[in-house]
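Worksheet: one structure, shown below.
The values are calculated or read from the model by the stated rules, or taken from the named source; none is laboratory data. Remember, it's a predicted structure, so these values are computed and weren't measured experimentally. Positions of Cβ are generated from backbone atoms using ideal geometry, with glycine treated the same way; all protein chains shown enter the neighbour counts.
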């Protein structure tokens, strides 16, 4: 049975938008009717959807405030349907226990602030996009990257996103949404 799914995202440098588009394409390929929408064009009401996936990227330890506010206003409606949250960060690319704990804390911060209880959350590795950063961001990102990689290529963009994991997240969410009693 096909579901109507909203994939809503906030993206600063474009990687989260790219991930949201991929999630939408995977859901569509599975037979779902999907709207992939940037937070600036977010619908005020989610009643037209059977399920919602929200995604945001992390900058300076926090997700974009616009999507956090949007979720907070609609947390009851989101809790009444299958919903999921994906968080995009460089921390998700780091396989250390410390990085996993940091990533989990950033996701938990969104959930605690909004009161939302999605059926699933997913941490997805983002990208270093030096070509899109302004000077202060480039300097900050170089400092952060050098803590984890002593010889990074500071002039090239590097994508850490595991696209197979993104597809798996979308397919597993679609399967769980199709089984939910609220899905039509």
* Asked: If you take the residues in the stretch 145-164 that are assigned to a helix (DSSP H, G or I) and loosely packed, with under 14 Cβ neighbours inside 10 Å, which one is modelled with the lowest pLDDT?
  -> 148
* Asked: Any residue at all in the stretch 173-182 that is over 19 Å from residue 75 (Cβ atoms) and at pLDDT below 70?
  -> yes
* **Those residues of the stretch 77-98 which are buried (at least 16 other Cβ atoms within 10 Å of the Cβ) and within 20 Å of residue 163 (Cβ to Cβ), in sequence order** => 84, 85, 86, 87, 88, 89, 90, 91, 92, 93, 94
* Somewhere in the stretch 35-44, is a residue within 16 Å of residue 177 (Cα to Cα) and either touching a strand residue (DSSP E or B) at 6+ places or on another chain (Cβ under 8 Å) or touching a residue at least 60 places away in the same chain (Cβ under 8 Å) (or both)? -> yes
* **Number of positions in the stretch 48-62 that are at pLDDT 95 or above and part of a loop (DSSP other than H, G, I, E, B)** => 3
* Scan the stretch 22-45 residue by residue and report those that are under 14 Å from residue 171 (Cα atoms) and outside any strand (DSSP E or B). => 22, 23, 24, 25, 26, 27, 28, 29, 30, 31, 32
